[in-house]
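This report concerns only the one structure given below.
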Amino acid sequence: MRILSGIQPSGKLHIGNYFGMMKPMISNMDRGELYAFIVNLHAMTSVHDKEALARETLEAAADFLALGLEPERCVFWVQSDVPEVTELTWILSTLTPMGLLERCHSYKDKVAKGVTASHGLFSYPVLMAADILLYQSELVPVGKDQKQHIEVARDIAIKFNNTFGDTFVLPESEIDTNVATVPGVDGQKMSKSYGNTIGIFLDEKALKKSVMSIVTDSAPVEQSKDPEKCNLYNIFKLFAPEARMKEVHDLYVNGGAAYGYLKLELVDILWEYFREAREKRSQLIQDKGYLKYVLAEGAVKAREKAAGTLDMVRERVGLKY
Ligand code: ADP
Ligand code: TRP
């Protein structure tokens, strides 16, 4: 089974990205043929600072490797190193109904948040469909917010197959329902663009600041509370061992949950949880030559697969004459 997913290099990695995408992705190395990539062309819909884009691309590579992705057990590359994807995007866009893109929540949400409504942002799902279809991906693990984009990719693949003959595998999304949406410090979906994230690779001081900013109610400590309604509890339970979680649950229900102490405990838990990855990342980020070497090797493998698909597509649509 071929499994594929990508992440934008447009900011610091947070625990929502980790649970929604990175963790399931990395654990997929055992399940099938894994394709993992950094979507720098997608990031261009919001990043127009060349140094930032280049730096964050390498940082995202270091993040992936530090968190346990083994490049020899998967195909790991940077999206723009396989230019075939932009040609496929054009071909697919000639078949994509406007209405399909107009219905996409992600576009509307981003525009509502102040992202410039460029053509690239509007056609973002077509580039994403090209990403998925170019590698004949069967399974695409993502957070809930990306589900619609996978459906768009599927619709486009169906349209292509009906028009030009069976060409593309129809992809399916895979969403870990336990952690479909990791809440941010304010209780909304954790997202870079809401400024409510808890970063994975923050220094200790910044980590403490983020955790202390988790919004809680002002009920007295001894009051009984519904744990599931508490944002702090919902973040805590992603990391704390089961036995400790049971105790914390009882503190909420029976009274005695002191938010300040729980937050300090969460800082320690998070610091330990990501310790090994943090140490590995700080080594990797010093060795840009190694990171570039790994990505170049990955691009060769990805391109081989991409070229095969594109060759077939060009033939099917009449670009070979
Ligand atoms: P952001 O919303 O911070 O900009 P991205 O859109 O770059 O994050 O998302 C990268 C990946 O992480 C996607 O697969 C997305 O679904 C997942 N993801 C992002 N935020 C969350 C969250 N709060 N909970 C679960 N998954 C998330
Ligand atoms: N749009 C995805 C996100 O913001 C990133 C992405 C681009 C992607 N191409 C992809 C994810 C292909 C999965 C498969 O998270």
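The values are calculated or read from the model by the stated rules, or taken from the named source; none is laboratory data. Not measured: the values here are computed from a predicted model. Positions of Cβ are generated from backbone atoms using ideal geometry, with glycine treated the same way; all protein chains shown enter the neighbour counts. Heavy atoms of the whole protein, side chains included, go into the accessibility calculation; ligands, DNA and RNA do not. Shrake-Rupley method; radii C 1.70, N 1.55, O 1.52, S 1.80 Å.
The apolar share of the surface of region 252-295, taken as the fraction of accessible area on carbon and sulfur atoms (1.4 Å probe, ligands and nucleic acids excluded), comes to 52 percent. Working from label points 7 Å from Cα in the Cα-to-Cβ sense, the Lys144 to Thr163 distance is 3.4 nm.
Accessible area, 1.4 Å probe, largest first: how do Asp268, Asp226 sort? Each step should come with its number before you reach the end.
On the way: Asp268 95, Asp226 75 Å².
Highest to lowest solvent-accessible surface, that is Asp268, Asp226.
Packing order of peptides 292-303, 203-214, highest average first: 292-303, 203-214 (average count of other Cβ atoms within 10 Å over each peptide's residues).
Hydrodynamic estimate: the Kirkwood radius of region 202-273 over Cα pairs, inserted into Stokes-Einstein at 4 °C and 1.567 mPa s, corresponds to D of 105 µm²/s. Calculate how steeply helix 147-164 sits against the longest principal axis of the alpha-carbon atoms of the chain, using the helix alpha-carbon long axis, and give the answer as 0 to 90 degrees to the nearest 10. Tilt relative to the chain: about 10 degrees. Each Lys and Arg Cβ is given +1 and each Asp and Glu Cβ -1; about its Cα centre, the chain then shows a dipole of about 540 debye. Of Lys23/Lys205; Lys113/Lys192; Lys50/Lys209, which ones are farther than 23 Å apart at the Cα? Those over the limit are Lys23/Lys205; Lys50/Lys209.
Thr177 sits with roughly 120 Å² accessible to a 1.4 Å probe, with DNA, RNA and ligands left out of the calculation.
What is region 1-100 by shape, rounded, prolate or oblate, if you read a ≥ b ≥ c off the alpha carbon gyration tensor as root eigenvalues and call it rounded for a/c under 1.5, prolate for a/b larger than b/c, and oblate otherwise? Display every interim value, and only then the final one.
Numbers: a/c = 1.78, a/b = 1.24, b/c = 1.43.
Note, shape of region 1-100 comes out oblate.
Once the 1.4 Å probe is applied to the protein heavy atoms, the chain comes out at 48 Å² accessible per residue. Result for the chain in a Gaussian network model with C-alpha springs under 10 Å: among Phe201, Phe64, Phe164, the largest mean-square fluctuation is at Phe164.
Hey, which of these cross-link pairs are over 24 Å Cα-Cα: Lys159/Lys305; Lys110/Lys225; Lys147/Lys225?
Lys110/Lys225; Lys147/Lys225, as the Cα separations exceed 24 Å there.
Largest GNM mean-square fluctuation among Ala240, Ala129, Ala66, using the chain with Cα springs under 10 Å: Ala240.
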